[in-house]
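One structure is given here, and the rest of the page talks about it.
The values are calculated or read from the model by the stated rules, or taken from the named source; none is laboratory data. Computed from a predicted model, the values in this text were never measured in an experiment. Using ideal geometry, Cβ is built from the backbone for each residue, glycine included, and neighbour counts are taken over all protein chains shown. Just so you know, the surface numbers come from the protein's heavy atoms only, side chains and all, with ligands and any DNA or RNA stripped out. Shrake-Rupley method; radii C 1.70, N 1.55, O 1.52, S 1.80 Å.
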Amino acid sequence: MNRRKFLQYTASTLAIGAGLPLAGCQDTNVAGAAFAPYAHDPVRAENFTNPLFIPGAEGPFGVLNVADMPLTLKTHAATFPILGGRASPFLLYETSYAGKSYQNPILKIKRGGRFAATLQNGLNEPTIIHWHGLHTPANMDGHPNDSIAPGKNYPYAFTINNRGGTYWYHTHAHHLTAKQAYGGLASFFIVEDDDELQLARALDLKLGETDLPLVIQDKRFNAAGELVYQPDPMEKMMGYLGDIVLVNLTPNALHEIGPRIYRFRCLNGSNARVYKLAFVRGKEQLEYQVIGTDGGLLDRPYPAKEAFLAPGERLDILFDASQLHQGDTVFLKSLAFDPMENDGAMGMMGWMGRIMGKNPMAHTNSSMRLADGLEFNLLKLVVAKAAQGPRETPARLSQVQPIDIKEATARTVRLEMAHMRWLINGETFRTDAFPIEARRNTVEVWDLHNAEHSMPHPMHMHGFQFQVLARQNSPQQIRTLGVHGSGRTVSDLGWKDTVLVWPGETVRLAVDFSHDFGGDQTYVFHCHNLEHEDNDMMVNMRVRA
């Protein structure tokens, strides 16, 4: 009897013993799972009729140029129409400039520009902003220790030294990140440089038209169309999944395109769900080009037909629709995969909780109907415009200088569980402990090793970006995609700040701790499954001067 059959048998036996219905004991947590349709479910293609929300020059997700312009970002509780125009409680960053109002603005700035903002906390609980992927002094980074109380302000001022690329900002409130980010406190932070501008000119790309930021999130809603965030004990341990998938806060999103090249800046803004991105016409997977990851453009375009995107990661994609015809339909999908959450005793309990719609310890109801690893649609693209002149993607995009590791210090970082808690080298977060210490202007090579009896962990480093050197002992679904040397997938290329580590796998990465900030700098290293983070799968990382 293989592991999956054993788990099914065990779950069924326990369900009978607990008086639970056997109908819930279908294999619904693995690829090819049984699925019962429901309103707004993303599996049924016919549901995709809602126009994709496109960022404009103001309003929700309005694009705001912020170089050398002091900004005030006020957090407050509001409402936002998501399902069928029904207002839902929502958390917003709000600001105004030149007579225009912005909610969760997409901040845009050129490399080398000076960014200044004041966070005003209008919530009834602490909060702070983390500038995800940006290289800043520690006191500008949004460390959870810097969370401010209701009614308080926090000033930010730093120079943008990052390469051009797709970054983002979100709450990092201590023990409240998952709840606040799920509630809405997140948006894009786009950095431009010469390479970015050259690419835009070469392909005639315009932000908000043919260059589209896409934030992908899974949510749960109640009968009134209101966001629901009520994780039970098992979901706090495994991660909170939703069953309605939003792209730019649009359920069942539809977008009309022309037969030309489009840029999609894909951000996984979900709390815990991993996506496997593919463009599919009928039953045919179409090739696309990956041109960037977390830290900006790659050296050249890399062809792909599927790629994983974990919480916190970004994948910059060029999709060439020039060979399509008017009336053609393509779906951006998340393909089926094994979520590998059924490894070990705790993984089995999480698997049982999700297949039975109940927490096996607390016996509370769960409204999550979209199984992890199931295939479903994200965005429907319809060719509805006449053909335009063809454009050719540049053969070279940017320069990605490899980190010199000849004199690097080696470090092993182990991800594991003990006593019902996820650990990093046996540690959970303590505000005054510094389990990881490095020296300024040194290079380290880290081996991130995930225990075999575990689940996937998207590991995120604050303050510095890194380069993935290798994947070892990867599961088959990763080995199939690991064609870019040393087991690396296309999602591993270039500069990264978040990397997904699968059970039993070791991911080797290089980190250059060079900076010109004064004194010691303390950041954090944590899992970007936000329920894991809030339950202290996080450690301080101090860089000594």
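Observations, loosely collected:
- Set side by side, the residues Ala181, Ala149, Ala173, Ala157 differ, and just one is buried (at least 23 other Cβ atoms within 10 Å of the Cβ) and free of Cβ contacts under 8 Å to residues at least 60 places away in the same chain, which is Ala173.
- Filter result for Thr393 (of a type in the set (S, T, N, Q) and modelled with pLDDT under 95): yes
- Pair list, Cβ under 9 Å, 6 or more apart: the range 394-409 residue acidic (Asp, Glu), other residue modelled with pLDDT of 95 or more: Asp404/Val443; Asp404/Ala510; Asp404/Asp512; Glu407/Thr442; Glu407/Val443
Results for (1) closer than 21 Å to Asp492 by Cα; (2) in contact with a strand residue (DSSP E or B) (Cβ under 6 Å, 6 or more places away or on another chain), shown as yes or no for each residue.
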position: Arg421; (1), (2): no, no
position: Thr431; (1), (2): no, no
position: Glu437; (1), (2): no, yes
position: Ala451; (1), (2): yes, yes
position: Met461; (1), (2): yes, yes
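- Residues of the range 504-545 classified as open to solvent by 10 Å² or more (accessible area, probe 1.4 Å), in contact with a His (Cβ under 6 Å, 6 or more places away or on another chain) and within 22 Å of Ala181 (Cβ to Cβ), total: 1
- Top-ranked residue of the range 218-250 - restricted to ones that are out of contact with any helix residue (DSSP H, G or I) (no Cβ under 8 Å at 6 or more places or on another chain) and assigned to a strand (DSSP E or B), ranked as nearest to Tyr38 (Cα to Cα): Ile244
- Where Arg430 falls short, out of the listed (1) under 27 Å from Gln521 (Cα atoms); (2) in contact with a helix residue (DSSP H, G or I) (Cβ under 6 Å, 6 or more places away or on another chain): (2)
- Counted residues, the range 125-143 - those being among the charged types (D, E, K, R) and more than 19 Å from Asp516 (Cβ to Cβ): 1
- Of residues in the range 413-424 being open to solvent by 70 Å² or more (accessible area, probe 1.4 Å) and not in a loop (DSSP other than H, G, I, E, B), the one nearest to Val501 (Cα to Cα): Arg414
- Residue ID - farthest from His515 (Cα to Cα), chosen from residues in the range 160-170 that are open to solvent by 10 Å² or more (accessible area, probe 1.4 Å) and among the polar types (S, T, N, Q): Asn162
- Taken together, the residues in the range 329-353 that are open to solvent by 20 Å² or more (accessible area, probe 1.4 Å) and at pLDDT below 95 amount to 5.
- Just one residue in the set Val507, Val511, Val539 is more than 24 Å from Glu341 (Cβ to Cβ), touching a residue at least 40 places away in the same chain (Cβ under 8 Å), among the hydrophobic types (A, V, I, L, M, F, W, C) and not in a loop (DSSP other than H, G, I, E, B); that residue is Val511.
- Yes/no for Asn222 being more than 16 Å from the chain's Cα centre (by Cα), open to solvent by less than 10 Å² (accessible area, probe 1.4 Å) and not small (Gly, Ala, Ser): no
- Test: residue in the range 281-293 that is open to solvent by 10 Å² or more (accessible area, probe 1.4 Å), within 26 Å of Gly133 (Cβ to Cβ), more than 13 Å from the chain's Cα centre (by Cα) and polar (S, T, N, Q): yes
- Considered as a group, the residues in the range 251-278 that are of a type in the set (Ser, Thr, Tyr) and part of a strand (DSSP E or B) include one that is surrounded by the most Cβ atoms within 10 Å (Cβ to Cβ), and that residue is Tyr275.
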